[in-house]
Amino acid sequence: MTAPNLKTVLTFDETTTAFRSVAHNLSAKKAEAKADLLRSTGAQVRVVDQPTRHEGQRLKTCELCKNAAESFSDHNPEGAAPEERSEDEPTAESGQ
Ligand SMILES: [Zn+2]
C-alpha cells in the first residue's frame, strides 16, 4: 500500500472551546468540500494531514483524531484573535 494522502477535518466547537474531528480518512478533495461546507456555516475549520490511515476507528472514539484535535486546541484558532480577554484570567506578572 502506498502512503495514503488522507485528511482529517476539524472544527472548533464553541461550547467546549476546543477543536474536534468531524471527519477522517478523507481524500484532499473531499476534505476541502467538507471544509467549505462547514465554513459556510461560520464554523472554524482545519484540514490536517493524516500520516496514516485511521484504521477501524469510529470517528467518535478515534484516538488519532482526538490527538490531532488536541494539538490544534492548544493554539488560538485563526481569526479568533485573543482580544476579548475575560477579566478573571490570571495574569502572570509575578516575574519568575
Ligand atoms: Zn480518526
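Please treat every number below as a calculation from the coordinates, not as lab data. These numbers were taken from a predicted model, which means no experiment stands behind them. FYI the Cβ positions are ideal-geometry reconstructions off the backbone, even for glycines, and counts take in every protein chain you see.
Laid out as a table, the results:
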| quantity | calculated |
| --- | --- |
| Taking 12, 19 and counting other C-beta atoms within 10 Å, the order from fewest to most | 12, 19 |
| Inter-probe distance in nm under a simple model that places probes 7 Å from Cα toward Cβ, at residue 30 and residue 13 | 2.2 nm |
| Furthest towards positive pole of dipole, 51, 25, 65, structure part the stretch 7-75, Cβ charges | 25 |
| Charge sum, other residues only, whose C-beta stays under 14 Å from residue 62's C-beta, Lys/Arg counted +1 and Asp/Glu -1 | +3 |
| Neighbour-count ranking [beta-carbon atoms within 10 angstrom, fewest first] of 34, 29 | 29, 34 |
| 5 angstrom amide H check on residue 54, placed H, neighbours 5+ away | 25 |
| Neighbourhood charge, 9 Å Cβ-Cβ cut-off, centred on residue 45 and excluding it, Lys, Arg +1 and Asp, Glu -1 | +2 |
| Point-charge dipole on Cβ atoms (K/R +1, D/E -1) for the stretch 7-75, about Cα centre, debye to 20 | 300 debye |
